[in-house]
Amino acid sequence: MKDRSHDDAMAELFRDDPATAAATLDAILADGDQGELLVTLRQMTKAFGGVPAVAKSAELNPTQLYRTLSEKGNPELKSLSALLRSMGMRLAVQPLGKPAAHV
């Protein structure tokens, strides 16, 4: 049996189970961990055909997408939305419950 990298295993999981991919992203966004978000987006990009294919589908520049998904990347909302849309997902906002009281 050949060993696989963690990124390869996660890409396969996300490709085979888009609901898990969406739930993973949702949990990361709730925590606000940008580094973890970028790692997961790179894994998902791999799952959906790699940067060139995803960039084409999302109508993004591949070079810019590589930079956006790098460790120091900082995706803009427009790019993130296009990237997720190309993977059959979207950002959504949900109420957390009762809003905090204003002072």
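The values are calculated or read from the model by the stated rules, or taken from the named source; none is laboratory data. The model shown is predicted, which means the values in this text are computed figures rather than measured ones. FYI the Cβ positions are ideal-geometry reconstructions off the backbone, even for glycines, and counts take in every protein chain you see. Only protein heavy atoms, including side chains, enter the accessible area calculation; ligands, DNA and RNA are left aside. Shrake-Rupley method; radii C 1.70, N 1.55, O 1.52, S 1.80 Å.
Rounded to 0.05, the FRET efficiency of the residue 100 and residue 17 pair, given R0 = 22 Å and the Cβ-Cβ distance, is 0.05.
Could you work out the local net charge near residue 73, counting Lys and Arg as +1, Asp and Glu as -1, over the other residues with Cβ closer than 12 Å to its Cβ? Kindly include the intermediate steps, with their values, before the conclusion.
Details: positive: 42, 67, 72; negative: 71, 76.
Local charge sum for residue 73: +1.
For region 56-103, with only Lys/Arg (+1) and Asp/Glu (-1) charged at the beta-carbon, what is the dipole magnitude about the Cα centre, in debye rounded to 20? All intermediate terms of the calculation are to be shown ahead of the outcome.
Details: 7 positive and 3 negative charges, 16 e Å.
So the magnitude is around 80 debye.
Each residue of region 16-26 was assigned a 3J(HN,Hα) from its phi angle through the Karplus expression (A = 6.51, B = -1.76, C = 1.60, θ = phi - 60°), giving 7, 9, x, 5, 5, 4, 5, 5, 5, 4, 4 Hz with x at Gly and Pro.
The helix-only estimate of mean residue ellipticity at 222 nm for the chain, built from DSSP H runs of length n ≥ 4 each weighted as -39500 (n - 2.57), is -18500 deg cm²/dmol after division by the residue total.
Restricting attention to region 8-103, lysine pairs at least eight places apart or on different chains and with alpha-carbon atoms under 21 angstrom apart total 4.
For region 49-61, backbone phi angles converted through the Karplus equation (6.51, -1.76, 1.60; θ = phi - 60°) give residue-by-residue couplings of x, x, 4, x, 5, 5, 4, 4, 4, 8, 6, 10, 6 Hz, Gly and Pro being listed as x. Size of region 21-97 from its Cα atoms: along the principal axes, largest to smallest, the extents are 40, 24, 21 Å. Surface composition of the chain: carbon and sulfur make up 54 percent of the accessible area, probe 1.4 Å. Other residues with beta-carbon under 14 Å from the beta-carbon of residue 35 carry, at +1 per Lys or Arg and -1 per Asp or Glu, a net charge of -2.
Scalar couplings 3J(HN,Hα) for region 32-40, obtained by applying the Karplus form with A = 6.51, B = -1.76, C = 1.60 to θ = phi - 60°, are x, 8, 5, x, 5, 4, 5, 4, 5 Hz; x denotes Gly and Pro.
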